[in-house]
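Step one of this worksheet: look at the structure below.
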Amino acid sequence: MCTVVIDVEDAGSARLLAVRDEDPQREWDGLGPWWPEQYPGVTGVRDRRAGGAWLAVNAAERRLAVLLNRADVGDLTEDRAVSRGSLALESVAGRSPQGPLPMHGFNLLEVRPEGARVLSWDGATLRETPVDAGTHMIAHDDLDDDATPRIHAWLPRFRALGPAAASAAWADEWIALLAETTTLSPEDDRAIIRDNRPHGYPTQSLLYCVASVTGAGVDVHDRALPSPAHWSADTGATA
């Protein structure tokens with residue numbers, strides 16, 4: 001039940017804040033070039049168990065991808081399901097998924113030179129949603145879905161900050177607002193820094209990334225939370 005806020009300036013130019021929710025017992029590695037042979041030049045946040053990526057970046061190609069889970073409408077069993085961990089890595093290598101897929105549901109947010117989009121797989125249909133200019137938010141359902149409590153609560157506040165490209169301090173402003181969201185309990189369904197256990201999932205927020213993909217290049221920073229689903233005064237830093 002991860003969360004991404006993205007502000008698109010124009011094709012190939014976007015800035016985003018991504019919060020990762022995962023089972024704290026599932027080990028991971030922060031941003032790094034973990035796949036030098038299979039994906040040279042790609043950095044990302046690695047899941048150690050499956051070897052895939054939650055977020056991946058190919059700076060030379062100005063590509064970035066983030067993987068978010070979403071519900072299935074099918075009945076794919078765990079023993080038949082292929083890991084979704086390759087999706088972000090393949091995406092930034094220029095190979096986006098094509099359906100049908102032997103995978104559980106996902107939203108794959110792609111930032112590419114030709115524009116940003118979300119590819120959504122629910123176990124039956126693979127859909128593409130362009131991400132137009134402006135500020136948007138996505139979690140476990142559709143882009144800007146007002147029925148998602150955290151999107152309903154916080155997307156207007158992120159939009160009120162104005163275009164990210166217009167502020168050199170956009171990342172600090174967004175992180176300050178992210179910190180403000182933590183006045184809610186992490187168990188509150190409006191929370192972005194989350195503890196999803198009361199909602200039937202073992203996942204909790206573990207880290208966030210801020211990234212910009214523009215004609216000038218790619219800039220990405222990650223920051224681990226001090227403990228799962230918890231924020232502290234020194235968490236809000238971009239480097």
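The values are calculated or read from the model by the stated rules, or taken from the named source; none is laboratory data. From a predicted model like this one, the values you see are computed outputs, not experimental measurements. Here the Cβ is made from the backbone with ideal geometry for all residues, glycine too, and neighbour counts use every protein chain on show. Keep in mind that these areas ignore ligands, DNA and RNA; they rest on the heavy atoms of the full protein, side chains included. Shrake-Rupley method; radii C 1.70, N 1.55, O 1.52, S 1.80 Å.
Under 6 Å between Cβ atoms, at least 6 apart or on separate chains: pull out the pairs that start in the stretch 181-197 with a residue that is on the phi < 0 side of the Ramachandran plot and end on any residue that is among the acidic types (Asp, Glu) and open to solvent by 60 Å² or more (accessible area, probe 1.4 Å). Hits for this filter: ASP195/GLU187. Residues in the stretch 183-239 that are within 27 Å of GLY12 (Cα to Cα), open to solvent by 20 Å² or more (accessible area, probe 1.4 Å) and outside any strand (DSSP E or B): GLY215, ALA216, GLY236, ALA237, THR238, ALA239. Looking at LEU101, LEU108, just one residue is under 18 Å from the mean Cα position of the chain (by Cα) and of a type in the set (A, V, I, L, M, F, W, C), and that residue is LEU108. For the stretch 157-172, filtered to residues that are exposed (fewer than 15 other Cβ atoms within 10 Å of the Cβ) and in contact (Cβ under 8 Å) with a residue 12 or more places away in the chain, the residue that is nearest to ASP146 (Cα to Cα) is ARG157. For the stretch 134-156, the set of residues classified as open to solvent by less than 30 Å² (accessible area, probe 1.4 Å) and either in a helix (DSSP H, G or I) or closer than 24 Å to VAL213 by Cβ (or both) consists of GLY134, THR135, HIS136, MET137, ILE138, ALA139, ARG150, ILE151, TRP154, LEU155, listed by residue number.
On the basis of being more than 22 Å from THR214 (Cα to Cα), within 16 Å of the chain's Cα centre (by Cα) and modelled with pLDDT under 95, does ARG70 make the cut? Judged against the criteria, ARG70 is a match. When THR181 is tested against (1) touching a strand residue (DSSP E or B) at 6+ places or on another chain (Cβ under 9 Å); (2) within 16 Å of ALA18 (Cβ to Cβ), exactly one condition is not met: (1).
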